[in-house]
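A short worksheet on the structure shown next.
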């Protein structure tokens with residue numbers, strides 16, 4: 001997965017980038033036993049949790065920054 005968008009399926013995101021789960025848990029979007037992982041996009045899950053479009057866009061930016069940072073750390 002090159003870049004994360006708000007349309008990404010949570011199941012796909014966590015499968016390809018497992019380190020994203022901790023961040024999503026801290027934000028209150030998803031828990032370790034999240035039942036809707038295979039049925040919802042990140043955007044849908046975040047909206048269901050009461051996040052605004054602006055907050056969702058900011059989280060997508062932060063996730064991309066976080067995951068780029070983890071790739072740099074792994075290759076260093």
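Miscellaneous remarks
- Restricting 59, 4 to residues that are crowded, with 18+ Cβ neighbours inside 10 Å, assigned to a loop (DSSP other than H, G, I, E, B), modelled with pLDDT of 85 or more and within 11 Å of the chain's Cα centre (by Cα) narrows the list to 4.
- Test result for residue 54, over 14 Å from the mean Cα position of the chain (by Cα), modelled with pLDDT under 85 and surrounded by fewer than 11 Cβ atoms within 10 Å (Cβ to Cβ): no
- Residue 74 satisfies every condition listed in (1) within 14 Å of the chain's Cα centre (by Cα); (2) modelled with pLDDT under 95 except (1).
The values are calculated or read from the model by the stated rules, or taken from the named source; none is laboratory data. In this text the structure is predicted, and so the values were computed from the model without any measurement. Here Cβ is always computed from backbone atoms with ideal geometry, including for glycine, and neighbour counts include all displayed protein chains.
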